[in-house]
Amino acid sequence: MREFAFTVTYERGADELMDVFIDHPDLSSRTVSCHATAESMWRVDEVTGPEEALAAYDAVLAGLTRCSNLRGMGGCTLDWRYEVLEETPTSRLIYSQQSEGPGCRSIPYLVADHLGDGVLIHAEQHGNEYVWRVLAADDAALSAVYDELERHLREGLSIDFDHVERATNWSKHGVDDVGLSPKQRAALELAVEHGYYEQPRRHSLQEIAQLVDIPTSTLQYRLTSAERHVVESFIDDARFDPASTASAASQ
């Protein structure tokens, strides 16, 4: 299997929902599941961030009438619906479904249409970037998808294609698939680098925040949300592997 990756970058004002991510750098979204046919595309996304960012996200999502970053590239009017499956103060789990049509094709549809069955798609969005990863057969050629995406990008959007490589980090339960945003990952790395988890601690969160010149509250939020993701991933692993739970309990 091979991995294909590309990033769609949004200018402010090009997409009302993406503007929420631009205005709230700690807001991020990732696909949990994504499927497409010739008639419909449906997916589940996990959106995480501070309460005020999620409130802004909720307000824009409720008022959308046109194809946006969650639902395609064309900016056209569409038949779609969504439902919040789970909600916490700092996260949402959102199911959405849209009808596919000649004037408004989603990225998952384009990929499936050109590459056929057996393709896996993962997407993450944060800031002004929407990053897509495609897992496909070794002999798959994504050039036709790239060409079509470039032809149909609306004003204010640009696209960059990353190199093709062997499939990596697609493990269902690996830490790399926990869904950490780049800022959450960076917060964990800072905490480890400066001895926050050592006993005794070499640096406090306030000291680390001062070193990298960000508010302590911002670092605290990013680190707490990252820790939650990692712990939940570990718990999920233990459910699938009871032996690991028993081993940990005996230590």
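Accessible surface for region 114-157, divided over its residues, is 49 Å² per residue with a 1.4 Å probe. Across the accessible surface of region 182-225, with the other protein chains kept in place and a 1.4 Å probe, carbon and sulfur atoms take up 53 percent.
The values are calculated or read from the model by the stated rules, or taken from the named source; none is laboratory data. Just so we're clear, the structure is a prediction, and the values are computed from it rather than from any experiment. Heads up: the accessible areas ignore ligands, DNA and RNA and are worked out on the full protein's heavy atoms, side chains in. Shrake-Rupley method; radii C 1.70, N 1.55, O 1.52, S 1.80 Å.
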